[in-house]
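The values are calculated or read from the model by the stated rules, or taken from the named source; none is laboratory data. None of the values given here were measured: they were computed from a predicted structure. All Cβ positions, even for glycine, are placed from backbone atoms using ideal geometry, and neighbour counts span all protein chains on display. For accessibility, only protein heavy atoms count, side chains too; no ligands or nucleic acids. Shrake-Rupley method; radii C 1.70, N 1.55, O 1.52, S 1.80 Å.
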Amino acid sequence: MEGLSLLTVLILIAATVFTLATVRRLHLPPVFGYVLVGAFLGPAALAVVPDLEQVRLLAEFGVAFLLFTLGLDFSIPRLRALGFSVVVLGSLQVVLTTLVVVAGALLLGSTPGVALLLGGAVAMSSTAVMAPQLAAQGELTGRHGSLAIGISVFQDIAVVPFLALVPVLAGGAGPAAPLRAVLLAMVALVIVLAVGHWLLRPFMREIARARLAELFTLTVLLVVLGAAFVTHAVGLSLALGAFLAGLMLAETEFRHRVETDIRPFRDLLLGLFFIVVGISLDFHVLLQLWPYVLGSLLLLTIAKSAIIAGVLLRARETRETAIKTAIALGQGGEFGIAILTVASQRALMGPEVVQPMLTAIVLSMAVNPLLIRHSDAIARRLGVTPAPHPPAAGPDPVVATAQRDHVVICGFGRVGQNLGRILEEESIEYLAIERDHETVRVAREAGDPVIWGDCGDPAILGMAGLSHANLVVITLPGRDETMRILANIREQSSDAPVLVRSRDDTHLEQMLKAGATEVVPETLEASLMLASHALTLLHVPISRVVRKVQNIRGDRYAILRTVFRDADRMPDPEQAELQTIRLPAEAAAVDKSLGELDLERHGVIVTAIRRDGIVGRNPLPETLLRAQDVLVLFGRPEDLEHVSNLLFTAS
């Protein structure tokens, strides 16, 4: 079988980079770019990339990882957070849309199984497409915005049974097969939750104690792929196994770490999946079937919207809310593409069915932000006068603030919220960026100026008025995320002061080089506060305590940062420990300077030397060691053992 050459891979990557950059500038969803790359480089167009079975298998794993992330986020509290009304409305929307499509497909001659999967695909919408546009318009926390996001999240959960049915329908085991699949899925769910609670949690704790990032990531991959293999082996889908693996790991305290580690694999495989979708498109077939493409597009944007609006009107929502929610949800989604693609790979649907619907879904996702942008005009066309947005006589408060001097807060968790309250007390305007939907919803309801989005997204930073910001404060604790945000801030603004929160000062110098104006390490600030309280309780004069704290801060934490002085060479502080060594007269290190020994080259730092009862902090490289000196060393256990041998024996 023909394989992918290095030149083909290079062309594929280059085309993907160029297309995604262009799509980003046009404010279109990345899915659109991936599908375009596959369509133009596939065998039906330029024929640069062959339609290989190996690539299709990897792409199917992309769907599995998407479902894994869904399982990781799924929880009963999350369902409760959606609200009873949203769950009911979401259920009605999915069921009614599916039934309408099933009826139409059966009239056109489809089999019941194919009709059911087509209905499920049409019922799905894309949160990733609608949420940024709603946020950009300040409508994310409005009634229609909350309903659209809530129903879309419910749709994400509803995709699981549709994907679970694909291998069952492909097996052709008779009318009892779906019931068997449901029973197997229920048994698997019970087993998975039990395993996750009683076995996986202690197992993951043991893996975490090893403190090896690659071991943790490999273990997560093992759990995901292992669960997918088991469900596939019993006749269910890979995606269902991955979803159950997500449920298992969601029961542990490592959920957020798992999500961070798995994201690169998920994004890469999902991108490959959508490229494969594009590769499968045949322009010749689509040209012959253009009426079906147009009909499918109208089904997604008009018929589906009409069903949603009808459901909301029956639930006694206002006409404006019903129309705007229907417009936001009137598009296809990634999960709809996944259902169709997996069904096509199982030979349940032919290209004459799949290709027009896939094309319509991608086009609907590209058009949807434009429709949301003009939802007020569409509502007027339908005889509804949209209510004025508060304040009635002015622009959106977030947009208005972004045009004035203000502070940008990246992350609106507890630290960001406390900072916001202090700024409010001083009458200083701020805009916060937060990527958690629920936090944004609650904050906006409380009147806080919060934007939904990724703090590292240049478009979101622009929306937050970075060019007019007097100060940017990054309150997120993760180093990698902070470095990414810093890089994007400095690309747009070279002079805005940036204040960074950090767990400790292990990476302080690195953050300063990346563009941080100042870094505030939590552990050192806690040390200063504890020290100042301790000195006060020991009756040291307040003026002396304040002066000492100010001197330490003014000296860039030099006294307290001796342990972590060379962050590039040192291990993570959680992996290292302190050790003291007394040098006997016969030790090889006696009468040698610290510079000569260069212990930092071996991953160990001398944080202090105690000589004749006097402790000297942060000794200089010129310091000569004497007999009976007590060295305070900091490093990993294996490095400390190695350095101990060096100190006692000649090098």
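For segment 440-477, how many residues are without any contact (Cβ under 8 Å) to a residue 60 or more places away in the chain, open to solvent by 10 Å² or more (accessible area, probe 1.4 Å) and in contact with a Ser or Thr (Cβ under 8 Å, 6 or more places away or on another chain)?
Residues in segment 440-477 being without any contact (Cβ under 8 Å) to a residue 60 or more places away in the chain, open to solvent by 10 Å² or more (accessible area, probe 1.4 Å) and in contact with a Ser or Thr (Cβ under 8 Å, 6 or more places away or on another chain): 3 in total.
Here are the criteria: (1) in a loop (DSSP other than H, G, I, E, B); (2) surrounded by fewer than 17 Cβ atoms within 10 Å (Cβ to Cβ). Tell me which single one H533 does not satisfy.
(1)
Each row is one residue, and each column tells you yes or no for (1) open to solvent by less than 50 Å² (accessible area, probe 1.4 Å); (2) modelled with pLDDT of 80 or more; (3) closer than 19 Å to A128 by Cβ.
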{"residue": "T8", "(1), (2), (3)": "yes, no, no"}
{"residue": "P30", "(1), (2), (3)": "no, yes, yes"}
{"residue": "F40", "(1), (2), (3)": "no, yes, no"}
{"residue": "A45", "(1), (2), (3)": "yes, no, no"}
{"residue": "L67", "(1), (2), (3)": "yes, yes, yes"}
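Looking only at residues that are open to solvent by 20 Å² or more (accessible area, probe 1.4 Å) and more than 14 Å from R444 (Cα to Cα) in segment 131-143, which one is modelled with the highest pLDDT?
Selected residue: Q133.
For residues that are surrounded by 15 or more Cβ atoms within 10 Å (Cβ to Cβ) and at pLDDT below 80, scanning just segment 611-638, find the one that is farthest from V590 (Cα to Cα).
Once the filter is applied, the top-ranked residue is R636.
Listed residues T359, T341, T252, T301; which is hydroxyl-bearing (S, T, Y) and not in a helix (DSSP H, G or I)?
Exactly one of T359, T341, T252, T301 is hydroxyl-bearing (S, T, Y) and not in a helix (DSSP H, G or I), namely T252.
Given the conditions (1) under 30 Å from I433 (Cβ atoms); (2) open to solvent by less than 30 Å² (accessible area, probe 1.4 Å); (3) at pLDDT 80 or above, which single one is not true for V545?
Unmet condition: (1).
Among (1) open to solvent by less than 30 Å² (accessible area, probe 1.4 Å); (2) of a type in the set (S, T, Y); (3) more than 23 Å from E352 (Cβ to Cβ), there is one condition T318 misses while meeting the rest; what is its number?
Result: T318 passes all but (1).
Every residue in segment 106-125 that is assigned to a helix (DSSP H, G or I) and modelled with pLDDT of 90 or more, please.
Passing the criteria: L106, L107, A115, L116, L117, L118, G119, G120, A121, V122, A123.
For D480, are the conditions met, namely being open to solvent by 60 Å² or more (accessible area, probe 1.4 Å) and free of Cβ contacts under 8 Å to residues at least 40 places away in the same chain?
yes
Quick one: T301 ticks every box in (1) crowded, with 22+ Cβ neighbours inside 10 Å; (2) at pLDDT below 90; (3) of a type in the set (S, T, N, Q) bar one, so which box is it?
(1)
Please go through segment 10-28 and pick out each residue that is open to solvent by 30 Å² or more (accessible area, probe 1.4 Å) and touching a Pro at 6+ places or on another chain (Cβ under 8 Å).
Across segment 10-28, the qualifying residues are L20, R24, H27, L28.
Can you tell which of R211, R205 is farther than 28 Å from V342 by Cβ, loosely packed, with under 13 Cβ neighbours inside 10 Å and within 25 Å of the chain's Cα centre (by Cα)?
Result of the check over R211, R205: R205.
So A326 passes all but one of these: (1) touching a Lys or Arg at 6+ places or on another chain (Cβ under 9 Å); (2) in contact (Cβ under 8 Å) with a residue 40 or more places away in the chain. Which condition number does it fail?
(2)
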